Amino acid sequence: MSETPRLGAEQVRAIAPLVGIGGKSGDTVVGLSALRRSRPLALVFAAPGLAHGTLTELAGWWREGAAVFRVEEWEELAGRLGRPDALVLGIRPGPLAEGICRRLGESGPGE
């Protein structure tokens with residue numbers, strides 16, 4: 001999991017509003033326990049200080065089809081949900097996940 005793609009600041013700014021909207025609609029899932037209960041997931045975002053064991057677990061979700069990213073600008077993303085303390089966010093499959101993927105594609109490759 002050491003090769004997990006990283007999102008740069010520009011990418012985080014592009015998707016943060018959508019992640020926040022997902023918090024209101026229920027499409028954004030916050031926290032590891034909630035993610036475990038909410039699979040399948042389309043996207044998973046991890047804070048930079050995530051434990052190695054948790055990253056290994058996330059690798060399994062990647063094999064299940066979830067795109068997994070490390071996010072250096074974590075406060076910008078998790079702050080949209082009022083949960084800067086959470087270390088993992090997930091997005092359920094559907095229109096929100098598709099919109100986030102489009103924005104990630106438009107903002108260019110990760111760092």
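The values are calculated or read from the model by the stated rules, or taken from the named source; none is laboratory data. Predicted model only: the values in this text are computed from it and were never measured. When we count neighbours, we look across all protein chains shown, and the Cβ atoms used for this are built from the backbone with ideal geometry, even at glycine.
Per-residue answers, yes or no, for (1) within 11 Å of Val88 (Cβ to Cβ); (2) surrounded by 15 or more Cβ atoms within 10 Å (Cβ to Cβ):
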{"position": "Gln11", "(1), (2)": "no, yes"}
{"position": "Gly20", "(1), (2)": "no, yes"}
{"position": "Val29", "(1), (2)": "yes, yes"}
{"position": "Pro40", "(1), (2)": "no, no"}
{"position": "Ala47", "(1), (2)": "yes, yes"}
{"position": "Leu50", "(1), (2)": "yes, yes"}
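Scanning region 82-91 for residues that are within 12 Å of the chain's Cα centre (by Cα) and surrounded by fewer than 21 Cβ atoms within 10 Å (Cβ to Cβ) gives Ala86, Leu87.
Does Gly110 qualify as being surrounded by 12 or more Cβ atoms within 10 Å (Cβ to Cβ), at pLDDT 95 or above and over 13 Å from the mean Cα position of the chain (by Cα)? No; evaluated as a whole, the condition is false for this residue. Looking at Arg103, is it closer than 15 Å to Leu7 by Cα and modelled with pLDDT of 85 or more? When the stated conditions are applied, Arg103 passes them. Would region 55-77 turn up any residue that is on the phi < 0 side of the Ramachandran plot, among the hydroxyl-bearing types (Ser, Thr, Tyr) and in contact with a helix residue (DSSP H, G or I) (Cβ under 8 Å, 6 or more places away or on another chain)? So far as region 55-77 goes, no, none of its residues is on the phi < 0 side of the Ramachandran plot, among the hydroxyl-bearing types (Ser, Thr, Tyr) and in contact with a helix residue (DSSP H, G or I) (Cβ under 8 Å, 6 or more places away or on another chain).
Here Arg63 meets each of (1) more than 12 Å from the chain's Cα centre (by Cα); (2) crowded, with 16+ Cβ neighbours inside 10 Å with one exception, condition (2).
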